[in-house]
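The values are calculated or read from the model by the stated rules, or taken from the named source; none is laboratory data. These figures come from a predicted structure and were not determined experimentally. Because the Cβ atoms are built from the backbone with ideal geometry, glycine has one as well, and the counts that use them run over all protein chains shown. In case anyone asks, the SASA skips ligands and DNA or RNA and just uses the protein heavy atoms, side chains included. Shrake-Rupley method; radii C 1.70, N 1.55, O 1.52, S 1.80 Å.
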Amino acid sequence: MRILRILVISILGVLTGNCITPFLPETEEEKDLLVVKGMITDLYGVNTIKLTRSVPIDRKNQERPYTGCTVKIIDDLDNTYLLKENRPGEYVTSPEKFQGMTGRKYKLTIDNNRPNELRRAYESGLIEMIQVPQIDSIYYEKTDLDSYFGIINGCQIYLDTHDPLNKCRNYRWEFAETWEFHIPFNAVEHDTCWVSKNSETINVKSTSLMAVDRITRFPLYYIPPYTDRLKVKYSILVTQYSIDEQEYDYWAKVRNITEEVGSLYDITPTSVPGNIYCINDPAETVLGYFSVSSVCSKRIFIKDTFTGVMDRYMYCEEGSKRVTGTLDGVSGLGSQWFVLETGFGAFGIPFWILSRFEDCSDCRMTGTEVEPPFWHDDE
């Protein structure tokens, strides 16, 4: 019952006066496992395979790159492509020598080849690169939510796709979102920035039990009104992958575990088998997955009016102060106090509103002033 040893986590607090002793759950799982993460695609460019060693829960923020290995990609015609370790634990293909092709099969081999360490060899099975169909459409719908202030709008993003050849029966999606935001105060020099984030959720879907290989209104992502993503302009780039049934099962199981235990301890789900095994010892547990996929992508922009979008700067004037005449006598200007507003009061005397919060006067604290190169592609 390996899964029970992972999912059953008891949180125990030992209180003595005002002291709290943190509890770290013990598991019977091995604490030094090979972790494989990587994908090869049919796109021109670098493909990356990342090798690390697992760490105990109490050191989960640390990373242990697995260096000095011999990593190869081998196709079904016995062509071999050696990967180069360009940084500790990160092995990459050469774009000039390797690019995946749909219809071909590939496997990953790893030889630890390290001195003073028991020799271990690992590999995956041969995995076919299935042609992925194009994304038909990405679209959104407003959702109404009741709040204390009345009806406010969320945003549900949907995706449609289909494969007329009925070959790509299992799909996975990732996305990258970008949005523009403005600081609303008139004395702020750096007032327009952009934020970009990659998806953190697992989105998979299978049509293997359907007569037609078609997906309609797949709920890819929901944007609640309690964010400023939709205040000015928003864009989402969706990447669609073709995966086989084994990989679909892997991601579906990982998704179920993360939904049940959340990110309390960021546990790697050792109960979910990947597709890498140890040749020397088939009983050895290897974490992670080697993916082989064809890739396509599609981008949409959203520039609409959504009721109830969060004002991220509503706190900026808390504890602020008003200065009149001159700023020369303000101690800590630019380090403890930051200019938000300026104007003229009675008899034309200038005034300034100062805030304690630097991110209220400089958008670069939470974003970048570099406009994305695609930002006007919808115009």
Determine if the stretch 144-151 includes at least one residue that is crowded, with 19+ Cβ neighbours inside 10 Å and in a loop (DSSP other than H, G, I, E, B).
no
Kindly indicate whether any position in the stretch 221-239 is of a type outside the set (Asp, Glu), open to solvent by less than 40 Å² (accessible area, probe 1.4 Å) and over 24 Å from Ile152 (Cβ atoms).
yes
I need a count of the residues in the stretch 204-248 that are in a loop (DSSP other than H, G, I, E, B) and of a type in the set (Lys, Arg).
2
Qualifying positions in the stretch 304-332 - within 38 Å of the chain's Cα centre (by Cα), among the aliphatic types (A, V, I, L, M) and open to solvent by less than 60 Å² (accessible area, probe 1.4 Å)
Val309
In the stretch 116-143, which residues are touching a residue at least 60 places away in the same chain (Cβ under 8 Å), of a type in the set (D, E, K, R) and either surrounded by fewer than 18 Cβ atoms within 10 Å (Cβ to Cβ) or closer than 30 Å to Thr305 by Cα (or both)?
Arg119, Glu128, Lys142
With open to solvent by 80 Å² or more (accessible area, probe 1.4 Å) and modelled with pLDDT of 70 or more as the only criterion, which of Val46, Val35, Val55 stands out?
Val46
Positions within the stretch 63-115 being open to solvent by 20 Å² or more (accessible area, probe 1.4 Å), closer than 16 Å to Leu34 by Cβ, of a type in the set (Ser, Thr, Tyr) and part of a strand (DSSP E or B), in sequence order
Thr70, Thr109
Have a look at Ser355, Ser361, Ser335 and point out the one that is open to solvent by less than 30 Å² (accessible area, probe 1.4 Å), farther than 27 Å from Lys197 by Cα and hydroxyl-bearing (Ser, Thr, Tyr).
Ser355
Residues in the stretch 280-303 that are open to solvent by 10 Å² or more (accessible area, probe 1.4 Å), assigned to a loop (DSSP other than H, G, I, E, B) and at pLDDT 95 or above: how many?
1
Flag for Asp266 being charged (D, E, K, R), surrounded by fewer than 21 Cβ atoms within 10 Å (Cβ to Cβ) and at pLDDT 95 or above
no
Where residues in the stretch 345-379 are farther than 30 Å from Asp304 by Cβ and hydrophobic (A, V, I, L, M, F, W, C), which of them is nearest to the chain's Cα centre (by Cα)?
Leu354
On the given criteria, is Arg104 modelled with pLDDT of 95 or more and out of contact with any Gly (no Cβ under 7 Å at 6 or more places or on another chain)?
yes
Within the stretch 168-187, restricting to residues that are farther than 26 Å from Phe301 by Cα and open to solvent by 40 Å² or more (accessible area, probe 1.4 Å), the one that is farthest from the chain's Cα centre (by Cα) is Asn186
Suppose we keep only residues that are charged (D, E, K, R) and without any contact (Cβ under 8 Å) to a residue 40 or more places away in the chain within the stretch 342-379. Which one would you say is farthest from Phe181 (Cα to Cα)?
Arg356
Wholly within the stretch 313-365, which strands (runs of 3 or more DSSP E) include no fewer than the required count, namely at least 2 residues that are within 19 Å of His190 (Cβ to Cβ), touching a strand residue (DSSP E or B) at 6+ places or on another chain (Cβ under 8 Å) and at pLDDT 95 or above?
338-344, 350-355
Of everything in the stretch 32-47, what is farther than 14 Å from Val295 by Cβ and in a loop (DSSP other than H, G, I, E, B)? Give them in sequence order.
Asp32, Leu33
Breaking point among (1) within 19 Å of Val286 (Cα to Cα); (2) at pLDDT 95 or above; (3) not in a strand (DSSP E or B), for Glu28:
(2)
Over the stretch 249-260, the set of residues free of Cβ contacts under 8 Å to residues at least 24 places away in the same chain and either assigned to a loop (DSSP other than H, G, I, E, B) or closer than 30 Å to Ser147 by Cβ (or both) is Glu259
Leu165 passes all but one of the listed conditions (1) open to solvent by 50 Å² or more (accessible area, probe 1.4 Å); (2) closer than 30 Å to Tyr66 by Cα; (3) of a type in the set (A, V, I, L, M, F, W, C); the exception is number (2)
